[in-house]
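Below you'll find the structure, written out as structure tokens, and then a few comments.
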Amino acid sequence: MLARGRRLLHAASCRAVEWPSPPKVGPLKTSSWLVLTPRAVESTLSSCPSDVIALSFFLWCARQPEYFHGPRAFSLMVPVMDRLTERFGSVAAVVRELESVGCPRKAQTFLMLMRIYWRGGMFRLVLEAFDEMVGHNYAPNTFARNIVLDVLFKIGSIRRAFVFFTNTQCPNFLTFNVVISNLCRLKDWLGVRAVLRVMVEKRFSLDVGTFSMVLVCLQNAGRVMEVMQLVGFMIVSGKQLTTSVWTILIDAFCRLDRVEPACELLEKMVESGCSSSIVAYTTVIKRLLESRMTGRAFYLLDFMLSSGYKLDLVLCNILIDFFCKSKRYDDAIDLFLGLQKWNLKPDSYTLSSMMTILCASGKIELFPKLIAELDITIDLVTCNSLMNVLCKCGFPSVAVEFYDDMVDRGFLPDKFTFSGLLNALCKSGRIDDAVRVYHVIIKNGYFVDAHIHTVLIDGLIKGRKPHKAIGLFRRALSENYCLDVVSYTTAINGLLKGGMFKEACALFNEMKQFGCAPNTCTYNVMLRGLFKARKIGAVRKLLVDMAESGVKRDCISFNTMISYLLKFHHIHTALHIFTEMCDSGLQPSRISYLLVFNGICCAHAEELEDLYPKLRCCLEETVLMDMDSFDLPDKLFLCSRILAMLGSSLMMEGPSEKLVTAFVEDDHVGNVALA
């Protein structure tokens with residue numbers, strides 16, 4: 001049997017070679033050569049009748065000098081290794097079988113097995129192969145450790161991954177790149193920044209791909225200042241700005257509401273010879289429209305079209321949404337009808353926008369005609385989206401009729417359809433019908449998940465039937481139905497709205513006992529309810545529990561605390577929490593600043609003496625105080641607050657007078673006051 005296996009291996013190796021013609025110049029030193037080619041190797045692997053022989057041949061080729069397997073060869077070996085591992089039960093047994101057919105056991109053998117498992121997403125077996133390598137006293141090289149590092153991140157063992165990363169004695173560029181790419185995937189921009197600094201300190205030269213990956217992560221996290229700093233470092237490092245980097249930088253300025261610099265960057269992008277993208281134009285046009293700079297937005301749109309660019313569906317959706325908000329319904333309909341001219345097919349977002357426009361303009365009966373003219377095939381996803389839009393536009397009864405029409409046309413409802421139906425019934429006041437449909441769904445097991453329970457509970461709470469909602473929730477618990485953190489949060493909110501604070505706290509503790517970890521939204525609901533009940537001691541315990549659970553406070557958490565502390569006249573504490581919010585790295589929202597200015601106006605001079613330097617620093621480091629980010633009522637409110645501050649008892653002699661003067665002379669505050 002062993003001899004037959006070796007003959008098969010020899011025969012397979014003979015088929016995988018090509019005999020090149022001898023060179024025309026100079027004598028031949030040998031009579032013949034054997035040259036492996038990827039095409040021949042891959043053909044042999046795909047046609048090999050034995051998995052063991054295929055793996056042996058694969059490993060034999062990997063041992064040949066100057067030959068390296070390509071991605072396709074590893075993909076071909078994934079099902080082979082899957083069958084072999086299932087057949088023999090473990091990596092060690094597979095290696096023993098390889099030895100029985102004459103394949104030597106080497107460190108490279110384990111490395112190649114790790115790479116195959118890694119390629120196939122069989123992460124547990126990657127770690128098993130690595131342990132076997134170490135168990136046979138082979139020292140894993142950096143490449144092997146990089147594979148394990150990536151696997152640890154992929155399976156969610158973040159702490160083990162960082163320990164493993166720290167213990168890697170000779171990390172290379174790929175090691176850092178693996179860590180950064182996984183942290184970007186996990187949206188951990190703080191971790192990305194820390195690893196990037198270590199990488200720079202070790203004098204690794206970052207490539208454009210790494211810069212782009214980190215920039216996208218920072219962009220998605222809304223870290224605008226960090227984006228600009230990294231782009232500056234990229235320029236200082238002598239790297240050329242690619243189209244994607246230009247686009248990210250333009251988006252950063254747009255997020256800062258600095259439209260003029262964004263337009264200038266777009267012009268420089270074109271002047272630098274870097275081909276501008278439709279994404280860059282779309283970003284600037286969207287921000288111009290949001291800033292009510294309509295003329296400039298459409299001028300840029302005309303320039304884009306004259307430069308040879310064509311409208312894409314994203315930009316069309318932005319324009320339709322703008323026309324909808326501006327009540328230019330006819331322009332939106334014309335643009336919708338023009339999609340066919342640009343060979344664009346509307347998606348569910350486009351159709352939802354058009355449904356909103358037709359509802360607002362009282363022309364809902366035109367929707368079937370528009371669909372027919374464009375020859376659009378509506379699928380179940382689009383139908384579900386349209387039901388949702390009808391509910392949001394205040395037509396829940398029409399949404400119910402639309403559901404009946406869907407069923408008559410042969411659509412098979414899914415869980416999103418049933419969720420939309422329950423929502424529509426609750427909003428139309430047909431609570432009993434909603435409960436009846438809910439029981440039918442549960443009884444027949446139609447795609448029942450946590451969201452189905454949550455929709456009905458939320459609908460009952462909003463329909464001022466919190467006791468009935470909690471009764472349904474308790475029954476769902478007793479029947480062991482699928483409930484998630486959103487379901488618990490909705491139920492807790494219902495209890496708090498019904499004034500049942502003890503029951504809410506009990507359910508909050510109960511969800512943790514059942515292994516459902518509260519998220520930031522859950523803590524925010526509890527925080528608001530406990531503040532409303534004036535249970536300050538319970539609030540302190542809740543904040544301690546939140547910190548111990550590792551749940552980070554968001555902007556809503558801080559705004560809730562600031563709002564209620566101001567109501568309770570704890571102004572100094574409220575303003576101190578605002579500075580703590582800025583120190584945590586969170587970007588204060590528009591509401592945060594409205595609350596802070598209201599608190600400043602209500603404060604005595606002595607309360608602000610020690611906090612003013614910190615408050616001023618927080619205001620200087622943000623750009624949300626730009627006038628464009630506030631609505632007209634907010635601008636008037638801010639001005640009235642500042643004028644009230646100027647006319648209040650703060651205008652006294654001594655430090656207090658200097659304090660108010662400094663606030664007014666501050667660029668951000670002064671701009672608002674002088675508006």
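Just wondering, is there one or more residues in segment 75-93 that are outside any helix (DSSP H, G or I), closer than 18 Å to MET112 by Cα, among the small types (Gly, Ala, Ser) and modelled with pLDDT of 85 or more? Yes, segment 75-93 contains at least one residue that is outside any helix (DSSP H, G or I), closer than 18 Å to MET112 by Cα, among the small types (Gly, Ala, Ser) and modelled with pLDDT of 85 or more.
Here is a yes/no grid of residues against (1) over 29 Å from THR243 (Cβ atoms); (2) small (Gly, Ala, Ser); (3) buried (at least 18 other Cβ atoms within 10 Å of the Cβ); (4) in contact (Cβ under 8 Å) with a residue 40 or more places away in the chain:
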{"site": "SER277", "(1), (2), (3), (4)": "no, yes, no, no"}
{"site": "ARG287", "(1), (2), (3), (4)": "no, no, yes, no"}
{"site": "THR356", "(1), (2), (3), (4)": "yes, no, yes, no"}
{"site": "GLY362", "(1), (2), (3), (4)": "yes, yes, no, no"}
{"site": "PRO368", "(1), (2), (3), (4)": "yes, no, no, no"}
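Tell me, yes or no, whether segment 94-112 has at least one residue that is in contact with a Gly (Cβ under 9 Å, 6 or more places away or on another chain), among the hydrophobic types (A, V, I, L, M, F, W, C), at negative phi and not in a helix (DSSP H, G or I).
Of all residues in segment 94-112, those in contact with a Gly (Cβ under 9 Å, 6 or more places away or on another chain) come to 100-102.
Then keep just the ones that are among the hydrophobic types (A, V, I, L, M, F, W, C); that gives 101.
Retained after the next criterion (residues that are at negative phi): 101.
Next cut, not in a helix (DSSP H, G or I) only: 101.
Yes, the conditions are met somewhere in segment 94-112.
Against the definition (touching a residue at least 24 places away in the same chain (Cβ under 8 Å), surrounded by 16 or more Cβ atoms within 10 Å (Cβ to Cβ), in contact with a Lys or Arg (Cβ under 6 Å, 6 or more places away or on another chain) and not charged (D, E, K, R)), how does THR490 come out, yes or no? Judged against the criteria, THR490 is not a match.
Is there a residue being assigned by TED's automatic domain parsing to the domain that holds THR37, surrounded by 15 or more Cβ atoms within 10 Å (Cβ to Cβ) and either in contact with a strand residue (DSSP E or B) (Cβ under 9 Å, 6 or more places away or on another chain) or among the hydroxyl-bearing types (Ser, Thr, Tyr) (or both) anywhere in segment 90-110? Yes, segment 90-110 has at least one match.
Just one residue in the set LEU456, LEU412 is in contact (Cβ under 8 Å) with a residue 12 or more places away in the chain and either closer than 25 Å to LEU507 by Cβ or surrounded by 14 or more Cβ atoms within 10 Å (Cβ to Cβ) (or both); that residue is LEU456. Looking only at segment 106-116, decide whether some residue is at pLDDT below 95, of a type in the set (A, V, I, L, M) and farther than 22 Å from PRO71 by Cα. Looking through segment 106-116, none of the residues is at pLDDT below 95, of a type in the set (A, V, I, L, M) and farther than 22 Å from PRO71 by Cα. Are any residues in segment 534-583 crowded, with 20+ Cβ neighbours inside 10 Å and aromatic (Phe, Trp, Tyr), and if so, which ones? Correct list: PHE558, PHE578.
Of everything in segment 353-383 that is within 22 Å of GLY410 (Cβ to Cβ) and of a type in the set (S, T, N, Q), the residue that is modelled with the highest pLDDT is THR382. Just one of (1) exposed (fewer than 15 other Cβ atoms within 10 Å of the Cβ); (2) among the hydrophobic types (A, V, I, L, M, F, W, C); (3) farther than 22 Å from ILE155 by Cα fails for VAL134. It is (3). The set of residues in segment 60-93 that are over 40 Å from the mean Cα position of the chain (by Cα) and of a type in the set (A, V, I, L, M) contains only ALA93. Taking the conditions exactly as written (modelled with pLDDT under 85 and surrounded by 15 or more Cβ atoms within 10 Å (Cβ to Cβ)), does LEU586 satisfy them or not? Yes; evaluated as a whole, the condition is true for this residue.
Among the residues of segment 146-167, those identified as surrounded by fewer than 16 Cβ atoms within 10 Å (Cβ to Cβ) and more than 21 Å from ARG119 (Cβ to Cβ) are ILE158, ARG159, ARG160, VAL163, THR166, ASN167.
Here ARG115, ARG124 are screened, and the one residue that is under 25 Å from SER50 (Cα atoms), loosely packed, with under 14 Cβ neighbours inside 10 Å and in the same structural domain as PHE57 (by TED's automatic domain parsing) is ARG124.
Consider segment 237-275 and keep the residues that are among the polar types (S, T, N, Q) and not in a helix (DSSP H, G or I). The one that is nearest to LEU206 (Cα to Cα) is SER237.
Of the residues making up segment 493-518, just one is of a type in the set (Asp, Glu) and in contact (Cβ under 8 Å) with a residue 12 or more places away in the chain, namely GLU503.
Being under 31 Å from the mean Cα position of the chain (by Cα), hydroxyl-bearing (Ser, Thr, Tyr) and either at pLDDT below 80 or assigned to a helix (DSSP H, G or I) (or both) is a property that holds for TYR349. Give the residue that is surrounded by the most Cβ atoms within 10 Å (Cβ to Cβ), with candidates limited to residues of segment 311-334 that are over 14 Å from TYR349 (Cα atoms) and in contact with a helix residue (DSSP H, G or I) (Cβ under 6 Å, 6 or more places away or on another chain). That would be PHE323.
Restricted to helices (runs of 4 or more DSSP H) entirely inside segment 472-541, those with at least 3 residues that are hydroxyl-bearing (Ser, Thr, Tyr) are 485-497, 520-532.
Close contacts from segment 166-185, counting a first residue that is touching a residue at least 40 places away in the same chain (Cβ under 8 Å) and a second that is among the hydrophobic types (A, V, I, L, M, F, W, C) and exposed (fewer than 15 other Cβ atoms within 10 Å of the Cβ), with Cβ to Cβ under 8 Å and a gap of 6+ residues or different chains, come to none at all. In this structure, is LYS468 surrounded by fewer than 16 Cβ atoms within 10 Å (Cβ to Cβ) and assigned to a helix (DSSP H, G or I)? Taking the combined requirement at face value, the residue does not satisfy it.
The values are calculated or read from the model by the stated rules, or taken from the named source; none is laboratory data. Just so we're clear, the structure is a prediction, and the values are computed from it rather than from any experiment. Neighbour counts are summed over all protein chains in view; Cβ atoms, including those assigned to glycine, are modelled from backbone coordinates with ideal geometry.
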